[in-house]
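Notes to accompany the following structure.
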Amino acid sequence: MNTDLHLWLIPLVPFAGFLVNGLLGRKFPRALVTTVALVASLIPALQVAAIVTKFSSLTLPHVENLGAWIAAGGFHADFSFQLDQLSLIMLCIVTGVGFLIHLYSVGYMAHDPSYWRFFAYMNLFLFFMLTLVLAENYLLMFVGWEGVGLASYLLIGFWFTRDSAVKAGKKAFIVNRIGDFGFLIAMFLLIAHFGSLSFSDVFSQIGAHPAWQGGFLTATALFLVLGATGKSAQIPLYVWLPDAMEGPTPVSALIHAATMVTAGVYMIARTHVLFDRSPFALSTVAVIGVATAFFAATIGILQTDIKRVLAYSTISQLGYMFLACGIAAYSAGIFHLVTHAFFKALLFLAAGSVIHALGDEQDMRRMGGLRTKIPVTFWTMTAAVLAISGAPPLAGFVSKDEILYQAFIAPNGGKIFWAVGLLTAGLTSFYMFRLWYLTFFGKPRFETAHEEEQAAVHARSDTKLTVEAEPAHPVHESPWVMLGPLVILAILSVIGGFMGWPEALGGSNWFSHFLEPAVTVGTASPAGDKQTELILALVSTLVAFTGWLLAHILYFAKPELPARLATQLRALYALVKNKYWVDEIYGALIVAPVLFIARWILGVLIDRGVIDGGTLTAGYTAQSFGALVARIQSGNIRSYAGWLAFFAALLLAVSYFGWTSHLTLR
Amino acid sequence: MVPIAYYLVLSAVLFSIGVAAFLIKRNIITVFMAIELMLNAVNLAFIAFSRQWSQTTGHLQVNGQIFVFFVMVVAAAETAVGLAIVIAVFRARSTLNVDSIDLMKL
């Protein structure tokens, strides 16, 4: 049975919301902007829910073609949407988490003067993200891919009066451009070899030729990986994501944690047919993933900005997803994507609630002791911290263990991936509990800091009378429109893992079986024995517990210890604290030479020298020649007559004597 | 019988004097006279050729003489218009120096 599901409506409704709010929102009252934005994000969610109920009766993959988009010679691309298990799961995440974050934003952005603009951009993002997820060919996917980059840029630079926000937006956009370049090259290669960008065409052609291994498939896959590393913030293109925290917190939650940054993982899983044929590309993905996971986790340990800790944590968790894809355990990767969307969105939203409570304070050194003051935020945050740290039986435990287990048993995995992944799990647990303790436990540091600041202000001013002490911003719990999404996401973070509860622990691993038809071709996943899985789960739980214990000792029991350790391990501390100087190295090795070339070679030499010089010279030549000739037309009648007489005489002479140089008389 | 070359030389001399005067003189009236001189030099050449042609063919040929009448008529009309312009220019500028009247509009 093939019913028409009107898939095109799913992305187009948020687009309509974007148009209404974007074009008219400035004039609207806030309530109307809110209504439009929420309805535009709720309708797709409801439609997806309706599709879920009908899903079992569909023939998969369900493709809806809306007609030709490009038809040039033998090549054509259509506006066609595809629904299968993979895109259904992504749809649920994007619309579900998307709607919750829209709801949260109503509270978080309530005081912002550009309220309407924020929601217009958010709806625009949903439009592009849903296009990306539903696309049936690479080209349409690329439209979504670029579009989410645009929305991300607009939202990172949302507070565009802040210089750092503008710079961060630019950085994100440009770094993503490098990745997009890879995606484009991969598309060119696909067109050259398959004459089509449609998923079904490409994959059936690959399927029809079992002999194709490596070669151009590897090349294409590697360029796709480059695209994925840009969008999903992996080494070497991860540098934009920490800076992207300049945007409003709901943006960080929606775009830079739950949905957009997972586009790279989704793309690899979607293209798994290609990757399965290229062991080298797969290993590259796995190595990138595990390296990023570990590397970002170490940086996260020493960050003091609450959102930056979460940003590095996101990079690290995306590394896990890459690792899963790289060992061809796509369903494990997607499963982690789903649970990560729950708990990382929750972490960001809870962090936003903390920031909101403290009056835009993001520095964890000025937090502390918030446990009793904002209890709902505290408890939801606790659920998220436990989930990401891998405490059984929460969502993060199940999905991360699945990846580690797959890495352990996978034929093209290897114990080294498992070991590094395990270590990273310990680090994750450590830095998350560090954040937890610094934010919610200990003495409140925000008020003292505030008072010190006040004292400094007083000390600077000559007369105390002129400086009115600002009323201290009272710490307050966020409104329910913000807490509601927190609670829902907390529940999902706690129970989300049961979707893929492993068989070794008496579950059925429903998630993996559900996704299997979409992400595997023929080969059954290697069967591991339950005992190994149990032991591995136990080990990773122990590692997570160790991480918590360390954080407990360092940041709760003996809070003076971290400073001592920092002085003892000064070199290492400086290395990690400064994020391995990656930004500086990139700046010196890539940005500076590029700027040099742009400014001096292209700018001064080519642009001003050759192009400007050439055109200006042509212009000046014509002008000066004109000035020379213009003298003839002096307005003086007698000079005209003189010219007339002269040339008449010349004509006469020529007609009489001819052009010949020897002036012989005829 | 005076040979035609004499007339033509005289015509050329008169024409050259006219051109020279046109180029050298600054007074519009004199310039006008120079133009008349050139026209009349041409008229002289026309008449000379007309007569020469009648003699060589044996029939009376009046084409050149008719041309001369046309030239005289045009010259008269031109003088009438030209002198009117001269008067207008003089009223507007109080000068008849051609060098100071080098703009098309008054």
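Since every read-out is calculated from the coordinates, none of them should be taken as a lab result. All of these numbers come straight from a predicted model, not from anything done at the bench. Ideal geometry is used to build each Cβ from the backbone, glycine not excepted, and the neighbour counts take in all protein chains shown.
Listing for the model above:
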{"quantity": "Rg over Rh [alpha-carbon atoms, Kirkwood Rh] for chain B", "calculated": "1.12"}
{"quantity": "Selection from A:433, A:199, A:617, by position along the positive dipole direction of the protein assembly as shown (Cβ)", "calculated": "A:617"}
{"quantity": "Listed residue (A:331, A:254, A:284) projecting farthest to the positive dipole end of the range A:243-336, Cβ model", "calculated": "A:331"}
{"quantity": "Cα-only radius of gyration and Dmax that characterise the range A:304-345, units Å", "calculated": "11.2, 36"}
{"quantity": "The range A:497-622: mean projected area of Cα convex hull, nm²", "calculated": "18.5 nm²"}
{"quantity": "Shielding of A:629-639 by partner chains, average beta-carbon count, 10 Å", "calculated": "3"}
{"quantity": "Extreme residue, positive dipole direction of chain B, given options B:39, B:12, B:90 (C-beta unit charges)", "calculated": "B:90"}
{"quantity": "Three-way shape call for the range A:596-654 based on the alpha-carbon gyration tensor, with the a/c threshold at 1.5", "calculated": "prolate"}
{"quantity": "Computed over the range A:1-112, Kirkwood Rh from alpha-carbon pairs, angstrom", "calculated": "15.9 Å"}
{"quantity": "For residue A:63, distant residues with modelled amide H under 5 Å away", "calculated": "A:83"}
{"quantity": "Shielding of B:18-25 by partner chains, average beta-carbon count, 10 Å", "calculated": "3"}
{"quantity": "Within straight-line cross-link reach of residue A:579, lysines at Cα separation under 16 Å, skipping those fewer than 8 residues along the same chain", "calculated": "A:307"}
{"quantity": "Separation of alpha-carbon centers, the range A:568-594 and the range A:100-130, rounded to whole Å", "calculated": "35 Å"}
{"quantity": "Chain A - mean residue ellipticity at 222 nm from DSSP helices (-39,500 (n - 2.57) per run, n ≥ 4, rounded to 500)", "calculated": "-22000 deg cm²/dmol"}
{"quantity": "Magnitude of the charge dipole, the protein assembly as shown, Cβ model with Lys/Arg +1 and Asp/Glu -1, debye to 20", "calculated": "1880 debye"}
{"quantity": "Convex hull per residue volume in Å³, alpha carbons only, for the protein assembly as shown", "calculated": "349 Å³"}
{"quantity": "Helix axis angle, A:279-302 relative to chain A longest principal axis, alpha carbon, degrees", "calculated": "70 degrees"}
{"quantity": "Cα gyration tensor, the range A:143-247 - rounded (a/c under 1.5), prolate or oblate", "calculated": "prolate"}
